[in-house]
Amino acid sequence: MSIVSQKDYQAYKPRGFTTSDKEKVTLLFGGLTWRAERLLEGVFHGSGYHARALPQATKADLLRGRELADVGQCCPTAFTAGNLVNFLLDESKARGSQDVMDSYAYLTAGSCGSCRFGQYHQSYELALSNLGLDAFRLFFMDQTNPDGAQEGGGLDLSPALLSKAVLGIMAADVIQDVEYQLRPYELEAGATDRASQLAVEELYQACQDAKVPANTLGVAAWTLHSKGIMRALCRARRHFDAVAVDRLQVKPKVKITGEFYLQTVEGDPNYNIHSWLEKEGAEVYPAPVVIWLDYLLRFNSQYWEDRPYLPRARFNLAALRLASKALLWKYDQMRRAMNGLPHRVPRQHDLRDLAAPYFDGRLSGGEGDMLIGKAIWAHTRNKAHMIAELSPYGCMPNTMSIGAMAAVQGAHPDMLWAALEVKGDSEIHALSRCQMLLTEAKSRAAEEFDRALHASGLTLSEAKARAAETRQPVVRSLPSRGASGTAANLVLDLGGAEL
Ligand code: SF4
C-alpha cells in the first residue's frame, strides 16, 4: 500500500464571506496587546462586524501548535497556531465542529516575506486539517496589499476601516507607553492598571462611534483630525493624572526590542518579560507597533529609491514618504494629547544610518536592520540603561541580526544587551541571563542618580521637597537632560542642570 498522497497540492483558498455572513460570523484575531485588541474590537464593532480577540496565548497553546502544525516552525508560529486551535477546540466541545466552522473566521496578517511569516497560513491550515476543521475560514491581510477583498463581498477591509484600525493601534501604543512610565512609580499598587482599563474603554467607545467618510479625501481628512479619538485620549489622560507617583525612586530603564510578535505581546510567549522586569525593579520601555508601521513604509520606499527609472517611481516614493510623515505627525499629535509623556518615535533614517555599518537596510525578514539600529540608538542616545532583545527560537532573520550584534558589541563594549532566546519552555535560562545584566543596569542607574544629584546641587530630601512644591501634573513631558533614568532626569530638571 502506498503511503504517498496522490492528491495534488492546492493552495489554501477560504470559502467566501458573504454579506449575510457578516450578521452571523465572528471575526477572530490576536497577536497584539490587550489594549490594541480591545480598540480593534471597537473598530470592527463600529463597522458592523462581530469581532473578538483571542485569549492571550499560553504555554498550552505553544504545545498544541507544536503538536499539530509543522515542527520546523518558529516559536511565534507555534504560539499563534496553537492559540487559535485551542480556542476552536474549546468552542467545538461546547457547540460542535460544524457550528464553529460556520460561526467563526480568523483574520490575520500574512506576507510572502523571506521568513516564516510567509508560511504562517500553512501552519494554520495544517493544524486545522489535523483537527478536522478544514472548512474553517482564514483570511489574510497581506502587508503589501492590506485591503485584499474577499470573495462574497461581506468582508470589506476598506480604507476607512483600515484607517480607524491604524489610529486605534497607535492610540493603544500611546496608552501603553504612559502606563509603563507610571506603574513602576505608583504609590498605590494597581492604580495605573485601573487607569489604563478606563482609558482603553474611553477609546474603545470612540473607535466604535467613529464615522469615517468612504471617499479617499474624506478618509484622509478624518485621519488627520479624528476628533472623537483625540477627545477620548484627553479624557484618558485624566484617568492617569489621578495616579499618585514618586518618580524619585531609582530604577534602571530597560528597552524591549526583538522580533515583532515577541516584543509586542505581554504574556507566556515572551516569558512575561514586561511584568517580570517591573517586579525585578526596572522601568520597561516597551516597543510600540507604530515603529513597525513606519518601518514598512521606509522599507517599501527603498524599493523605489533604488529603481528611479521605473514608471511612477518618483510618485510612489513621494507618496510613501508623505504617508510616513503623516503617520508620525499623527502619533505626535496623540503624544501631545498625553502632554508629551509618551516617547517620541525614533526616525527611520536615524535607525538605518546607525545600523548601516553592521547590517544592510535592504535585508528583509524579521525586524531587518531595525533591531540593530534600535539597540545602538537606545544605548548611545541615553534612552535606556539596558536592552532586552527577544529572539524567537527557529527564526532565521533574527539569527542574522544576532550575528551582526556581535560586531556592534565589539564597537560598544559597555552596551548592556541581553539577547534572550525565547522557546516558550526555557524560561529560567532566559530570565537568569537577563537578571545578570539587570544587576549591572541597577548599579549604573544608582551611579547615574548620584551624579545627577551632584550636578543639580540638591540632596535627595531637597529634590523630594521641590518635586512636591512644583505640583506638576502626573502626565507631562519629562525632559531628557542627559541621563537614561527617570529619577536622574527629574532631579536634573528640578535643579536646572544637565549631565
Ligand atoms: S521574524 Fe522570525 S519569528 Fe517572526 S515570523 Fe519570521 S521567522 Fe518567525
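Quick notes on this one:
- Segment 346-373, residues that are within 16 Å of the ligand (Cβ to nearest atom), of a type outside the set (A, V, I, L, M, F, W, C) and surrounded by fewer than 18 Cβ atoms within 10 Å (Cβ to Cβ): Ser364
- The set of residues from segment 377-392 being in a helix (DSSP H, G or I) and surrounded by fewer than 18 Cβ atoms within 10 Å (Cβ to Cβ) comprises just one member, Thr380.
- For segment 456-475, the set of residues classified as out of contact with any Leu (no Cβ under 6 Å at 6 or more places or on another chain) and over 16 Å from Val250 (Cα atoms) consists of Gly457, Ala465, Ala468, Glu469, Thr470, Arg471, Gln472, Pro473, Val474, listed by residue number.
- Test: Arg433 is away from the ligand (no atom under 16 Å from the Cβ), of a type in the set (D, E, K, R) and touching a residue at least 60 places away in the same chain (Cβ under 8 Å): no
- Lys374 meets all of the listed conditions (1) touching a helix residue (DSSP H, G or I) at 6+ places or on another chain (Cβ under 8 Å); (2) outside any helix (DSSP H, G or I); (3) within 18 Å of Ile291 (Cα to Cα) but one, namely (2).
- Residue match in segment 250-263 (condition: within 24 Å of Phe449 (Cα to Cα), within 16 Å of the ligand (Cβ to nearest atom) and touching a residue at least 40 places away in the same chain (Cβ under 8 Å)): yes
- Residues located in segment 476-495, provided they are more than 27 Å from Leu438 (Cα to Cα) and under 35 Å from the mean Cα position of the chain (by Cα): Arg476, Leu494
- Flag for Glu67 being acidic (Asp, Glu) and at pLDDT below 95: yes
- Single residue of segment 410-430 satisfying the filter (out of contact with any Leu (no Cβ under 8 Å at 6 or more places or on another chain) and at pLDDT below 95) that is farthest from the ligand (Cβ to nearest atom): Ile428
- Residue count for segment 273-289 under the criterion of being within 16 Å of the chain's Cα centre (by Cα), of a type in the set (A, V, I, L, M, F, W, C) and either closer than 18 Å to Leu416 by Cα or crowded, with 21+ Cβ neighbours inside 10 Å (or both): the result is 3.
The values are calculated or read from the model by the stated rules, or taken from the named source; none is laboratory data. This structure is a prediction, so every number in the text was calculated from the model and none was measured. Every residue, glycine as well, gets a Cβ built from its backbone with ideal geometry; the counts of neighbours run over all protein chains shown.
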